[in-house]
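Please read the structure below before turning to the comments.
The values are calculated or read from the model by the stated rules, or taken from the named source; none is laboratory data. Given the structure is predicted, the values throughout are model-derived calculations rather than measurements. Every residue, glycine as well, gets a Cβ built from its backbone with ideal geometry; the counts of neighbours run over all protein chains shown.
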Amino acid sequence: MAKTKRYTISDGKLVLTLKVADEGGYIVTSPLYPDVLTQAETIEEAFENARDVIALFKADRANTKKTRTSPVSKARDHALPLKGAKPRAKLAALKPVQKKRPVTQQVSPV
C-alpha cells in the first residue's frame, strides 16, 4: 500500500495542507481553519477555493451572531423573582463593599 503524499504550503497569508487525490488533483485542508475542506487541480486553485470557503464561513458566523440571542438573556427575561429578592433598581443603588487594607507599621532604624 503506497503512502499518500501530503504537502504543507503557504503563500505568506494562508497555510494549506494538500493531499494528492487518487483521481488527480488535491484534497485541500488548512491546519489554521479546521473547517476548510475542498478540492483543487492546481496550487493556485487550492488557495482560491480555500479563501472562498473561509469567506463563506465568516459570513455565516456574522449572520449567526446577528440572529442569535444569548441563552442567558432569554432565561433572564423569563425568570421568576425569588422570594425576598430585591428588585433590580434597589440592587443597582447598593454600593460595593470596599475591602479594608491592613495597616502596616513603619519601623524606624535605631
Selection over segment 12-31 where residues are of a type outside the set (G, A, S) and surrounded by fewer than 12 Cβ atoms within 10 Å (Cβ to Cβ) yields a count of 4
Please determine, by comparing only the residues of segment 33-52 that are farther than 16 Å from I9 by Cβ and out of contact with any helix residue (DSSP H, G or I) (no Cβ under 8 Å at 6 or more places or on another chain), which one is surrounded by the fewest Cβ atoms within 10 Å (Cβ to Cβ). P34
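Do we find that T38 is modelled with pLDDT under 90 and not in a helix (DSSP H, G or I) in this structure? Lay out the reasoning, then the answer.
Numbers: modelled with pLDDT under 90: no; not in a helix (DSSP H, G or I): yes.
Here the answer is no, as T38 does not meet what is asked.
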